[in-house]
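Here is the structure we will look at, set down as structure tokens.
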Amino acid sequence: MEQILFRHNKPNRCVTFDEYRAEGGFSALAKALKELSPDQVQQAVIDSGLRGRGGAGFPTGKKWSFLARNVPGPRWLICNSDEMEPGTYKDRTLLEANPYLLLEGIALTSYAIGVSHAFIFIRRGYEQAAANLRRGVAECRQAGLVGENILGSGFSCEIDVHVSAGRYICGEETALMNALEGKRANPRSKPPFPAIKGLWGGPTVVNNVESLSNIPAIISNGAEWFKAFGRIPEAAGTKLFCVSGHVSTCACFELPMGISLGEIIEGPCNGMRPDSRFKACLPGGASTPYFTEEHWNVPMDFDAVAKAGSRLGTGGIVVFDQNTCMVAATLNLVRFYARESCGWCTPCREGLPYVVNLLEEIENGRGSEEYIAILRDHINLLKYAFCALALGAMGPVEGLLKHFQDEVREHIAKGKCPFKK
């Protein structure tokens with residue numbers, strides 16, 4: 001199967017700078033600087049149908065088009081590599097195998113949107129990935145691919161690698177900008193949106209690692225070539241699906257956008273573990289409502305997954321078998337989000353610990369029927385939090401009450417968790 005993002009990967013090691021260049025690396029950048037205007041690069045990305053791979057799925061080229069151009073002062077590009085969504089490790093996999101694809105994507109994006117300084121904001125725990133990026137930036141600078149007058153084109157772009165302070169909220173794009181400025185990582189009010197007023201008050205674009213890493217292939221091969229990877233008409237390109245849980249093979253796979261959930265589990269994952277049967281999964285990371293067996297044939301694409309009642313998110317698929325207590329699994333997820341809340345707003349700061357308490361009571365046999373109604377109320381109440389953290393945290397709760405309400409009631413009726421021996 002032809003690949004876009006893993007095409008240069010080598011077994012059990014990082015690709016070298018010389019290997020990447022020998023296999024066509026940075027040819028897209030050279031082509032753009034020699035043959036294409038910034039607007040043409042941007043239009044190619046719009047035409048490709050590439051949607052942001054960080055979770056929201058917003059069209060990448062369209063996001064670029066919002067950038068304020070006729071304003072004084074610098075504008076900025078930020079690559080968001082603060083990958084802290086439980087069950088998601090695609091960006092780490094990509095950067096540990098090949099940092100150069102991202103660096104070329106950043107240079108192309110910077111050229112397209114008129115940016116002369118880009119930042120890679122990376123999770124604190126990704127030490128190897130950060131080291132690869134720093135080495136890659138140095139090698140690119142020595143080769144004239146980063147810095148002043150890139151490839152003699154007159155276009156200049158610096159790239160800095162910045163390590164996160166280590167909180168989940170730093171992955172929210174406006175909290176990320178505050179953190180990059182050295183401030184407390186609280187989300188900002190929108191509007192104004194980052195494209196108008198972002199980092200240090202300048203127009204800013206924030207894109208994910210996987211999104212930016214697709215840009216070189218689009219420029220090299222064209223929008224139609226990229227769109228042809230999709231399994232369904234509305235899907236374009238490939239997607240990195242990082243699978244974990246009760247499957248035989250847990251790994252990060254590059255697969256066509258729109259492939260079905262069942263094809264992923266039965267194909268590259270080699271099915272469920274011995275003596276395990278599929279019960280549920282998180283289809284797009286820890287902040288997404290569960291899928292069950294009824295979703296086996298759902299195409300893994302933004303719109304199709306949303307229509308089926310969940311979100312594609314980051315593509316982090318966490319699989320649970322028949323022995324999993326879904327109340328305990330949901331409690332574990334909400335505990336994470338309650339701990340990672342920045343505490344900036346009341347719904348998130350007070351609401352998530354209360355939801356944790358309700359789930360703890362149910363899991364330990366002290367719940368009552370009214371707790372189910374209270375949890376449903378909180379699914380709606382936490383929508384009014386300042387940012388999307390609390391809303392995402394309630395995704396698994398929503399899935400729990402939609403697909404496993406009988407299991408919740410069994411906890412309540414028996415006065416204990418039926419899965420505990």
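Between the alpha-carbon centers of region 5-36 and region 354-413, tell me the distance in whole angstrom. One Cα centre to the other: 47 Å. Restricting the calculation to alpha carbons of region 76-143 gives Rg and Dmax of 12.1, 37 angstrom.
Counting only the Cα atoms, region 17-227 fills a convex hull of 116 Å³ per residue.
Taking the Cα centre of the chain as the origin and placing charges on Cβ (Lys, Arg +1; Asp, Glu -1), which of S211, N12, I159 is farthest toward the positive end of the dipole? Of the options given, the answer is I159. Between R376 and R273, the simple label model (points 7 Å from Cα in the Cβ direction) yields a spacing of 3.5 nm. With 27 Å as the limit, the listed pairs K197/K383; K10/K279; K239/K307; K90/K402 have K10/K279; K90/K402 beyond it between alpha carbons.
Charging the Cβ of each Asp and Glu at -1 and of each Lys and Arg at +1, and nothing else, the dipole of region 50-98 about its Cα centre rounds to 400 debye. Rounded to the nearest 0.05, the FRET efficiency derived from the C-beta distance between Y354 and K402 at R0 = 30 Å is 0.90.
The H on the amide N of G125, modeled in the peptide plane, is under 5 Å from the matching H of no residue at least 5 residues off or on a different chain. Note: region 174-266, Cα convex hull, 168 Å³ per residue. In units of the rule-of-thumb radius 2.2 N^0.38 Å, region 107-190 shows an alpha carbon radius of gyration of 1.22. Compared with the dominant Cα axis of the chain, that is its longest principal axis, helix 346-363 is turned about 40°.
If the chain linking E148 and E224 were pulled fully straight, counting 0.36 nm for each residue of separation and taking away their Cα-Cα distance, it would gain 24.1 nm. Of all beta bridges that DSSP places with both ends in the chain, some 45 percent have antiparallel geometry.
Using mean Cβ contacts within 10 Å as the protection proxy, how do 352-363, 2-13, 371-382, 209-220 order, highest first?
209-220, 352-363, 371-382, 2-13
Each of C269, P233, S244 was scored by the projection of its Cα onto the charge dipole of region 211-281, and the greatest displacement toward the positive side belongs to S244; charges sit on the C-beta of Lys, Arg, Asp and Glu. Computed 3J(HN,Hα) for region 98-104, one whole-Hz value per residue from the Karplus formula 6.51 cos²θ - 1.76 cosθ + 1.60 where θ = phi - 60°, is 6, x, 6, 4, 5, 4, 5, glycine and proline marked x. Under the simplified labelling scheme, the E361-S248 pair shows an inter-label distance of 4.5 nm, with each label point 7 Å from Cα along Cα→Cβ. In this structure, the amide hydrogen of D160, modeled 1.01 Å from its nitrogen in the peptide plane, lies closer than 5 angstrom to those of A118, F119, I120, counting only residues at least 5 positions away or on a different chain. Working note: Karplus 6.51/-1.76/1.60 with θ = phi - 60° gives region 377-382 the couplings 4, 6, 4, 7, 5, 6 Hz, where Gly and Pro are set to x.
Relative to the longest principal axis of the Cα atoms of the chain, helix 127-142 runs at roughly 10 degrees. Across the alpha-carbon set of region 238-319, the Rg to Rh ratio works out to 0.91, Rh being the Kirkwood radius.
Amide hydrogen proximity for K239: with H placed 1.01 Å from N in the peptide plane, the residues at 5 or more positions away or on another chain lying under 5 Å are L255, M257.
Within the chain, the proportion of Cα pairs with more than 32 Å between them is 37 percent. Using Cβ point charges alone (K and R +1, D and E -1), the dipole size of region 155-237 about the Cα centre works out to roughly 340 debye.
Phi angles of region 30-38 translate, via the Karplus equation with coefficients 6.51, -1.76, 1.60 and θ = phi - 60°, into HN-Hα couplings of 4, 4, 5, 5, 8, 10, 10, 7, x Hz per residue; Gly and Pro are given as x. Note on F66 and K307: the model spin-label points, each 7 Å out from Cα along the C-beta direction, lie 2.5 nm apart.
Normalised radius of gyration (Cα atoms, divided by 2.2 N^0.38 Å) for region 326-414: 1.00. Charging the Cβ of each Asp and Glu at -1 and of each Lys and Arg at +1, and nothing else, the dipole of region 326-414 about its Cα centre rounds to 220 debye. Taking 0.36 nm per residue of separation and subtracting the Cα-Cα distance, full extension of the segment from F58 to R409 would add 122.6 nm.
Every number in this text was worked out from the coordinates using simple rules, so none of it is lab data. Being a predicted model, the structure only gives us computed values, none of them experimental. As a convention, Cβ positions derive from the backbone with ideal geometry for all residues, glycine included, and neighbour counts pool all protein chains shown.
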